[in-house]
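Okay, so here's the structure we're looking at.
The values are calculated or read from the model by the stated rules, or taken from the named source; none is laboratory data. All of these numbers come straight from a predicted model, not from anything done at the bench. Cβ placement follows ideal geometry from the backbone for every residue including glycine, while neighbour counts extend to all protein chains displayed. The protein model used for the area step is the full one, side chains on, heavy atoms only, and it has no ligands, DNA or RNA in it. Shrake-Rupley method; radii C 1.70, N 1.55, O 1.52, S 1.80 Å.
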Amino acid sequence: MIVLKDVWKRYYRHHIFHRSLREDIISLFKRKQRQGLEKNEFWALKGVSFEVKKGECVGLYGPNGAGKSTILKLIAKVTYPTRGTISVDGRVAPLIEIGAGFHLDLTGRENIHINGAILGMRINEIKRKIPAIVDFSELNEFIDMPVKKYSSGMYLRLAFSIAIHSDADIFLIDEILAVGDEAFQEKCLDKIQNLKKQGKTMIVVTHNRKLMEEVADEIIFIEKGEVIDTSSLATLYSKLKHTK
């Protein structure tokens, strides 16, 4: 359902604010034509290729800054590759930077409508799922309160609950067990297991070994923007330990 072929992604090290729209368009065109790097640029991904089959759960493992989250953003079409191709067959629910579409002055219930629409849900689908979303988030008493009054844990719990109730075919999960307390994390893990049993396709990014062991069918080790190894978790950890 997901195929990456020789994917490269170039980023600037610093944000640039002083250029006009015309300059940005010209710069984008020029960057697509050239192969190398200019000053203050770097390769976040370098020739990444792999496939994820329908119903498969693949874990992306590696140090911070390896390019794992960049891969998820490319699959979700938050950004686009500098070179290479990405093919995605199915509806995607990206659980990356969850809550990014929330409006702080609106209530939790109103943000369910907005965030659900961003994830591709239809109005009738959102209305039908609101009770389940609220119940899973455990925010029944606070759902009609502006989210700017939520704690960070409440905010993330609602965002996760909205995303996980999508009818998407593909779920992109980035460090999701950082959400909430230990009990809620176990609840999230159970939900992810249920999605796997339903035959959903998933890519999981996490440093949590327990999550990897329980849900991932295959691990792709990423380092400095490149695929270093692909194997089971046990084999991967054995190789990493042996090389240290």
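Before moving on, here are some points about what is shown:
- Residue count, the stretch 188-226 (criterion: out of contact with any helix residue (DSSP H, G or I) (no Cβ under 6 Å at 6 or more places or on another chain), open to solvent by 60 Å² or more (accessible area, probe 1.4 Å) and part of a helix (DSSP H, G or I)): 6
- Qualifying residues in the stretch 71-83 (those that are under 19 Å from Lys53 (Cα atoms) and outside any loop (DSSP other than H, G, I, E, B)) - the one most open to solvent (accessible area, probe 1.4 Å): Lys73
- Pair list, Cβ under 7 Å, 6 or more apart: the stretch 152-170 residue at pLDDT below 90 and among the hydrophobic types (A, V, I, L, M, F, W, C), other residue part of a helix (DSSP H, G or I) and open to solvent by less than 10 Å² (accessible area, probe 1.4 Å): Phe160/Ile176; Phe160/Cys188
- Meets criteria (open to solvent by less than 30 Å² (accessible area, probe 1.4 Å), within 25 Å of Gly59 (Cβ to Cβ) and assigned to a helix (DSSP H, G or I)) for Ile173: no
- When we screen Lys73, Lys32 for residues that are at pLDDT 80 or above and either among the basic types (Lys, Arg) or in contact with a His (Cβ under 6 Å, 6 or more places away or on another chain) (or both), the only hit is Lys73.
- Cβ-Cβ distances below 7 Å connect the following pairs, each with a first residue in the stretch 61-82 that is in contact (Cβ under 8 Å) with a residue 40 or more places away in the chain and among the polar types (S, T, N, Q), a second residue that is open to solvent by less than 40 Å² (accessible area, probe 1.4 Å) and not in a loop (DSSP other than H, G, I, E, B), and a separation of six or more residues or different chains: Ser69/Asp174; Ser69/Val205; Thr70/Lys9; Thr70/Ala44; Thr70/Leu45; Thr82/Lys9; Thr82/Arg10.
- Every residue from the stretch 84-107 that is open to solvent by 40 Å² or more (accessible area, probe 1.4 Å) and either in a loop (DSSP other than H, G, I, E, B) or of a type in the set (A, V, I, L, M) (or both): Ile86, Val88, Asp89, Arg91, Glu97, Ala100, His103, Leu104, Asp105, Leu106
Table: residues versus (1) at pLDDT below 95; (2) in contact with a Gly (Cβ under 7 Å, 6 or more places away or on another chain).
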position	(1), (2)
Glu56	yes, no
Lys77	yes, no
Ile86	no, no
Arg91	yes, yes
Ile96	yes, no
Asn115	yes, yes
Arg122	yes, no
Ile130	no, no
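- When residues of the stretch 114-143 are limited to those that are in a helix (DSSP H, G or I) and basic (Lys, Arg), the one least open to solvent (accessible area, probe 1.4 Å): Lys129
- Here Asp24 meets each of (1) at pLDDT 60 or above; (2) surrounded by 11 or more Cβ atoms within 10 Å (Cβ to Cβ) with one exception, condition (1).
- The single condition among (1) more than 20 Å from the chain's Cα centre (by Cα); (2) modelled with pLDDT of 90 or more that Ile222 does not satisfy is (1).
- Restricting the stretch 40-63 to residues that are closer than 21 Å to Met1 by Cβ and among the charged types (D, E, K, R) leaves a set whose member that is most open to solvent (accessible area, probe 1.4 Å) is Lys54.
- Tally, over the stretch 46-73, of residues that are within 15 Å of Ile222 (Cα to Cα) and touching a Lys or Arg at 6+ places or on another chain (Cβ under 7 Å): 5
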